[in-house]
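First comes the structure, then the notes that go with it.
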Amino acid sequence: MTCSFDMEHYREILEAAYAGGYRFAQFGSDPQDGDLFLRHDIDLSLEAAVTMAALEAELGVRATYLLMTESVFYNLASPEGVSAIARIRELGHAVGLHAVHPNVTLDKRFDPVVSWHNPRPEFTSDEIPGVANTYGERYFSPETYRSDSNQRWRSGCPHEELRAGAFPWLQILVHPAIWVYPGETMGQTMRAMLEADQTRRFAQLAEDDVDLD
Ligand SMILES: [Zn+2]
Ligand SMILES: [Zn+2]
């Protein structure tokens, strides 16, 4: 098995989690033995989020999607944003806020769960009244946390340990854009994402009757 960052290996990771006896847990209650908190911070692409959400639903997986209201890459209030949230919910996932500190305005689009965008040590683990902070002490410790940030698993791809049931419980942070768009490195993957985005932008211009001749 090669630990490539593509949807095929993502599926293998989820299957390994099932084989290891893990169950997909929701933020809000304390971690129990066998819990797997599957978290997606959506920094870049709603399209990638919806693609990943559909694959997970096919496998019976419930994840938590944390979406931004202050992203420079997408607009959650646009028709695209509204339909992305609706689709992710329809597929059975939780939706929380990927927040820019200190703004944690949770309107009715969101479940009471927050992850910080670009967290800094001064505030990362602070408790937020009435809200589950995914970086709070009860959910976040190095032994029970894995992240794919920048297309690099800092402590290794977790598939083998999941299959072996080696973690008591685990929070995994997976960024859908890294897996959905092709590329051996983060740079290549980002270029592929931007190319796909350009196609989408041209379609939007045409839809708005912009003359592209
Ligand atoms: Zn792997
Ligand atoms: Zn972020």
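Before I look further, what does the chain give for accessible area per residue, probe 1.4 Å, in whole square angstrom? All intermediate terms of the calculation are to be shown ahead of the outcome.
Numbers: 10800 Å² over 213 residues.
Ligands and nucleic acids excluded, the figure is 51 Å² per residue.
Scale the Cα Rg of the range 1-127 by the rule-of-thumb value 2.2 N^0.38 Å and send over the ratio, two decimals. It would help to have the intermediate numbers written out before the result.
Details: Rg = 15.0 Å, N = 127, 2.2 N^0.38 = 13.9 Å.
Relative to the 2.2 N^0.38 Å estimate, the range 1-127 comes out at 1.08.
So what is the calculated 222 nm ellipticity per residue for the chain, using -39500 (n - 2.57) for each DSSP H run with n of 4 or more, over all residues, to the nearest 500 deg cm²/dmol?
Working: 6 runs with 70 residues, N = 213.
Theoretical 222 nm ellipticity from helices: -10000 deg cm²/dmol.
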Most fluctuating of Ala86, Ala99, Ala132 in the GNM of the chain (C-alpha, under 10 Å) is Ala86
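Expected output is a single nm value to one decimal: the length gained when fully extending between Asp6 and Asn103, i.e. 0.36 nm times separation in residues minus the C-alpha distance. What is it?
On the way: separation 97, 0.36 × 97 = 34.92 nm, distance 3.28 nm.
Stretched fully, the Asp6-Asn103 segment lengthens by 31.6 nm.
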Label model pair Asp30, Glu58: point-to-point distance (7 angstrom along the Cα→beta-carbon line) in nm is 3.8 nm
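Using a 1.4 Å probe over the heavy atoms of the protein chains, calculate the carbon and sulfur portion of the accessible area of the chain as a whole percent.
Details: 5570 of 10800 Å².
Of the solvent-accessible surface of the chain, carbon and sulfur hold 52 percent.
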Quick tally, 1.4 Å probe accessible area for Ser115, Ser125, sorted with the most first, runs Ser125, Ser115
Diffusion coefficient in µm²/s returned for the range 80-213 by Stokes-Einstein, Kirkwood Rh over C-alpha pairs, 4 °C and 1.567 mPa s, is 73 µm²/s
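The values are calculated or read from the model by the stated rules, or taken from the named source; none is laboratory data. Bear in mind the structure is a predicted one, so any value in this text is a computation, not a measurement. Note: ideal-geometry Cβ built from the backbone for every residue, glycine included; neighbour counts use all protein chains shown. Surface areas here come from the heavy atoms of the whole protein model, side chains and all, with no ligands, DNA or RNA. Shrake-Rupley method; radii C 1.70, N 1.55, O 1.52, S 1.80 Å.
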